[in-house]
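In what follows, a single structure is set out as structure tokens and then discussed.
The values are calculated or read from the model by the stated rules, or taken from the named source; none is laboratory data. Source: prediction; values computed, not measured. Here the Cβ positions follow ideal geometry from the backbone for every residue, glycine too, while neighbour counts run over all protein chains shown. Only protein heavy atoms, including side chains, enter the accessible area calculation; ligands, DNA and RNA are left aside. Shrake-Rupley method; radii C 1.70, N 1.55, O 1.52, S 1.80 Å.
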Amino acid sequence: MDARQLKIESARAALAHVTDGMRLGIGTGSTAEEFVRLLAAKVATGLSVIGVPTSERTAALCAELGVPLTTLEETPELDLTVDGADEIDPELTLVKGGGGALLREKIVAAASQRMIVIADRSKLVDMLGRFPLPIEVNRFGLRTTEIAVASAARELGLSGPITLRMTAGQPFVTDGGHFILDASFGRIPNTRALSTALHAIPGVVEHGLFIGLASAAVVAGANGIETVHAPR
């Protein structure tokens with residue numbers, strides 16, 4: 001199977017966990033978009049669900065395909081979030097934010113009873129850090145925040161380039177109006193310590209380490225679907 005077909009199969013397996021009447025968090029990214037398309041087909045044949053999208057991009061796709069939407073203000077507690085990931089470690093700690101929606105993705109995941117990650121096997125790693133860590137930051141004091149992030153990383157023995165994400169020659173702007181720093185730290189042996197250090201920096205809005213949020217990962221590979229559960 002090619003890369004897209006693996007994404008479709010992973011999304012299809014996750015859809016089996018969706019039941020009538022569910023309040024869903026709906027993720028962002030290419031794999032999540034395959035889930036939206038499959039979900040829309042089920043809705044068209046009578047499945048009753050309501051979803052909270054994690055980005056304006058996902059909201060637009062849901063609206064186009066007829067998936068009913070709500071907001072966290074109207075529906076503050078969700079049954080299940082289905083979303084992709086950029087990296088997944090054996091503890092089901094994730095790196096997310098490659099699509100720029102990490103803040104809303106984390107808020108929605110935290111509002112859900114369960115989070116199922118959908119991915120292909122290339123996203124499984126023994127330790128996070130191969131994919132640059134997205135860090136959403138306030139525009140004000142950007143350089144100060146960048147220096148503080150680098151300093152916090154050094155205290156943990158981490159180093160590597162920290163770059164401002166750009167698109168079409170301009171800084172990438174998130175749905176929340178923030179910038180993103182992509183930190184190429186390499187292997188991150190202590191994700192909790194890095195999470196704590198980043199959250200202590202005033203200019204950091206959120207980071208892409210998702211710790212203790214995913215309950216299962218549905219992973220597609222050449223040999224079929226594997227479901228990995230979070231350690232108890």
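So which of ARG57, ARG12 is charged (D, E, K, R), modelled with pLDDT of 95 or more and closer than 22 Å to GLY177 by Cα?
ARG57
Taking region 124-145 only, how many residues are assigned to a loop (DSSP other than H, G, I, E, B) and either at positive phi or without any contact (Cβ under 8 Å) to a residue 12 or more places away in the chain (or both)?
2
Between LEU103, LEU72, LEU80, which is open to solvent by 30 Å² or more (accessible area, probe 1.4 Å), out of contact with any Asp or Glu (no Cβ under 6 Å at 6 or more places or on another chain) and either hydrophobic (A, V, I, L, M, F, W, C) or under 14 Å from GLY27 (Cβ atoms) (or both)?
Working: LEU103 fails: out of contact with any Asp or Glu (no Cβ under 6 Å at 6 or more places or on another chain); LEU80 fails: open to solvent by 30 Å² or more (accessible area, probe 1.4 Å).
Going through LEU103, LEU72, LEU80 in turn, the sole match is LEU72.
Conditions: (1) over 21 Å from HIS178 (Cα atoms); (2) surrounded by 15 or more Cβ atoms within 10 Å (Cβ to Cβ). LYS96 meets all but one. Number of the miss?
Going through the list (1) over 21 Å from HIS178 (Cα atoms); (2) surrounded by 15 or more Cβ atoms within 10 Å (Cβ to Cβ), LYS96 breaks only (1).
Looking at region 146-167, is at least one residue open to solvent by 10 Å² or more (accessible area, probe 1.4 Å), closer than 29 Å to ALA11 by Cβ, part of a strand (DSSP E or B) and touching a residue at least 40 places away in the same chain (Cβ under 8 Å)?
No - not one qualifying residue is present in region 146-167.
If I filter region 173-191 down to residues being closer than 17 Å to GLU105 by Cα and assigned to a loop (DSSP other than H, G, I, E, B), which single residue comes out as least open to solvent (accessible area, probe 1.4 Å)?
Per the stated criteria, the residue is THR174.
I'm trying to understand the selection: among the residues of region 3-59, which are part of a loop (DSSP other than H, G, I, E, B), under 25 Å from GLY97 (Cβ atoms) and open to solvent by 30 Å² or more (accessible area, probe 1.4 Å)?
The answer is HIS17, and nothing else.
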